[in-house]
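A short reminder: the numbers here are calculations on the coordinates, not readings from a lab. All values derive from a computational prediction rather than experimental measurement. Heads up, the Cβs are rebuilt from the backbone with ideal geometry, glycines too, and the neighbour counts pull from every protein chain shown.
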Amino acid sequence: MRSGLQWFWSKVASYAVKFGVVGLIGMVIDVGLFNLLRLGVFGTDHFFQGPLGAKILSVSVAIAFNWVGSRYWTFRQHRRRNFVRELLEYVLVSIGGMVVALACLGVSHYILGFDNLVADNIATNVVGLGLGTIFRFTLFRFWVYGHHRSDGIHAASKLEEAETALFEEPVAESEQVPVIEGER
């Protein structure tokens, strides 16, 4: 039973917790900037004061923060050597999550007629964020930072280790140092 819990923690839960912490900070950035823009703090009568413009800008700023947090903390063992490709894939997935939030906001604001600030926040920052988070976590964990990616830093270090082992002479059993249980 314990090994099953250890597997679950190492393969899913630890990433989910770190993803949640980075996401929470990103959410504060997103929600804060969204509301500041909607309230007209940065000026009025421009695209970014409207609900969709404010959401596009606030999510874009949060995406930049979240990529750094995901790359260097949440998925640091699976980050990619080709960071430009990683960033493009990350942005693509993030835009997918933003589309989910924008769709919830658009339906609520323009189709259902819930056009006040509270309704906009519920539609985009509760419903849209919840659905978008599930979408993003799944694709980040198993595609962008998937352990199977051959250009990942972790995978590359294992490959280098294996290549080095090919050229080393095998150690005879009599020369091997015994491993004492508990010292691993």
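The distance separating the Cα centre of the stretch 12-38 from that of the stretch 53-110 comes to 11 Å. Backbone amide hydrogens, once placed in the peptide plane, bring Arg80 within less than 5 Å of Ile153, excluding anything fewer than 5 places away on its chain. With both labels modelled 7 Å from their Cα along Cα-to-Cβ, the Phe142 to Ile111 distance reads 2.7 nm.
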